[in-house]
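In what follows, a single structure is set out as C-alpha cells and then discussed.
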Amino acid sequence: MDKGKKTVKYLNNLSYNYSARVLVEKGYDESLLQPFEINKDFCIKGMVFDSANGDFLKLSDSGVILRASHGSRMMSDAEIQDKYGRDRQWQYFSQLESTLEQSDKFSYTENYYDLPCMVLLARLIDLQENKNGSLILPKVYQDVIEGYVKGFLYKEKQATILSACEEEPSKYLEQCSEHLKAWLRSLRDKCQMVFLLSSAHPVFANSAMSYILGEDWRSYFHILLLQARKPGFFSVQDPSKRPFYTVVDGQQREEVTELQEGQSYLEGNVFLFNEYIKKFTGKADPKVLYIGDSIRSDAHPSSKYGNWQNVLVLEEMEVEELIPSGPCTLDYKEEKQEEESIETPNIRSGPSEVEREFLLSNRWGSFFGDNLPVDRCKSSADLNVTETNPIRTNTLWTRLIRKHSSIAIPKLDYMADFPMNFKFETFSSSDWRKGFHPGMPKNVTC
C-alpha cells in the first residue's frame, strides 16, 4: 500500500476534529467543528503564518510574497502591497531561512500534521473578522498549538489522535509493501548498521510498527532510538543534558553512556550516537545516510549537527508530476537484478485521486514554484513581463530542500528501486535539480 492512498484524508480529519474539540471546550465558537474538508483546498505545506497580521504567506526563494491570505480569504496584489510594501519583501525571511526556527512572530506548515492547525487558525481569524472583534493572535495561536500538541502526546487509555491510530491502524497507518520490506532486510544484511530514529513514544512505536512492518519489526534494525524529540536530538549543545535511557515495558529507566546492539533507547543525542556508530563500524569517519520526511526535524539538523547525508521524502514530487532526468529513470534493471536478490516486484499506481485532492491546492498553486508578481518583476528589472508572459521562481521550500538535503524522493519505495551501489547525483551537483530522484518536479525552475 503506497503511503497516502487513503490515510491522508482520514488523518487530516482526525487531527482537525480532535484539535477543534479542544478549542470548543476552551470556549471557542462551535462553528470550528465544521468538517475539515470544507477548507481542504486551503491547506498546503510550506505556508508561513505571520502571527502579527493573521496572514498566511507563500514566499519565493528570495523572500518575495507570491500569494497571501488573511485568515482563509485570499488577498489581492493591491492588499499585499499595501500591507507589506511595493517590493512585497517579507521582513523575517533571512531569519527563517538561516535558522528554520519558529518564533512568536511567525510559524510555518512544514509537514502534513500542521495542516489542520492552518485551517483552525484561518477559521478563528475569519470568525473575529466577521464579528468585528479584536483578535488576540498570540493567545489564539497558543491555544491552537496546545490543542494540537495534546493530541499527539501518548497517554495510555486516553482518547488522543495517537490512540485512534492504535485502535484503527488500517484507517490511519500505511503498511510497507513486500518490496520495501525485502529492501530493508537486504539493507540489514549488507550494511554495517541500520537504525531507527523516531520521536514516537515507545508504546505507540511498537503498536504502529507492528502494523506497518509486522510483529518482527525490530529485526529490521540493529538499534532503536525512540522518543528522540527531534530536532533536539541533533541540536542540543550540551550532550550531558540529553542522555540516553533504557526502556522497560514502555517506560524510561536508567541513564546509560554505552549503547548496545539489539537494544532500544529513549531520548539521547547525536554526539554520543556518532561515537557509538564509530565503535560499532570500526571506522574513524563512518558515512551515515539518514532518511526522513521533515526539513526542520530531519534534513536540516542531521546535516548541520550530525554531519550526516540525508534523503528527504517529499510526496509533492509525485503528486505534482515528475520530469525524468537521465540515469534517474531507472534504466538499469538488468544490472540491479544481478546485484540484488530482491524478487518482490515494486508495483506503483501513482498518486490516487484522494492524494491529489488533499495534497494539491488551487488557491496556493505549486509547492515548488510560482509566477513572480508582475509589479515586482517590473520594479526589479527592465524585463518585458506581463500576465501572459510571467517569470517563474522557486519557493522558499525548494530553496531549503536544495540547501539541507542530499537528495529527495517522493516515497521510500523509490529507494528500493536503486541498486545499493548506485551513485546518486545530489543537490550539490553542477545541476542541482538532479538531486530529485527519479526525476525533477515539473514546477521547479533553474
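The values are calculated or read from the model by the stated rules, or taken from the named source; none is laboratory data. It should be emphasised that the depicted structure is a prediction, and the values quoted were computed from it without experimental measurement. Note that we place each Cβ from the backbone using ideal geometry, even for glycine, and neighbour counts take in every protein chain shown.
Listed here are the residues, each with its yes/no results for (1) more than 24 Å from Lys9 (Cβ to Cβ); (2) out of contact with any Phe, Trp or Tyr (no Cβ under 8 Å at 6 or more places or on another chain).
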position	(1), (2)
Tyr172	no, no
Met209	no, no
Asp216	yes, yes
His222	yes, no
Gln237	yes, yes
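Just one of the numbered conditions (1) part of a helix (DSSP H, G or I); (2) modelled with pLDDT of 90 or more is not true of Lys139; which one?
Every condition holds for Lys139 apart from (2).
When you scan the stretch 115-133, do you find a residue that is closer than 27 Å to Tyr305 by Cα and of a type in the set (A, V, I, L, M, F, W, C), even just one?
No, every residue in the stretch 115-133 fails to be closer than 27 Å to Tyr305 by Cα and of a type in the set (A, V, I, L, M, F, W, C).
Only one of Glu315, Glu261, Glu321 is at pLDDT below 95 and exposed (fewer than 15 other Cβ atoms within 10 Å of the Cβ). Can you tell me which?
None of the other options fit; the residue is Glu321.
In the stretch 156-178, which residue that is outside any helix (DSSP H, G or I) and in contact with a Ser or Thr (Cβ under 9 Å, 6 or more places away or on another chain) is farthest from Ser19 (Cα to Cα)?
The selected residue is Ser177.
Inside the stretch 270-318, can you point out the residues that are part of a strand (DSSP E or B) and either in the same structural domain as Leu360 (by TED's automatic domain parsing) or not hydroxyl-bearing (Ser, Thr, Tyr) (or both)?
Leu289, Ile291, Gly292, Gln309, Asn310, Val311, Leu312, Val313
Report yes if Asp104 is of a type outside the set (Phe, Trp, Tyr), assigned to a loop (DSSP other than H, G, I, E, B), more than 30 Å from Gly214 (Cα to Cα) and within 23 Å of the chain's Cα centre (by Cα), otherwise no.
Answer is yes for this residue.
Evaluate the following for Leu153: is it under 28 Å from Glu316 (Cα atoms), at pLDDT below 90 and not in a helix (DSSP H, G or I)?
yes
So how many residues does the stretch 401-423 have that are modelled with pLDDT of 95 or more and either surrounded by fewer than 18 Cβ atoms within 10 Å (Cβ to Cβ) or not in a loop (DSSP other than H, G, I, E, B) (or both)?
The qualifying residues number 7.
So that you can scan it fast, the table gives a plain yes or no per residue for (1) crowded, with 19+ Cβ neighbours inside 10 Å; (2) within 30 Å of Ala122 (Cβ to Cβ):
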| site | (1), (2) |
| --- | --- |
| Tyr154 | yes, yes |
| Glu178 | no, no |
| Asp189 | no, no |
| Trp217 | yes, no |
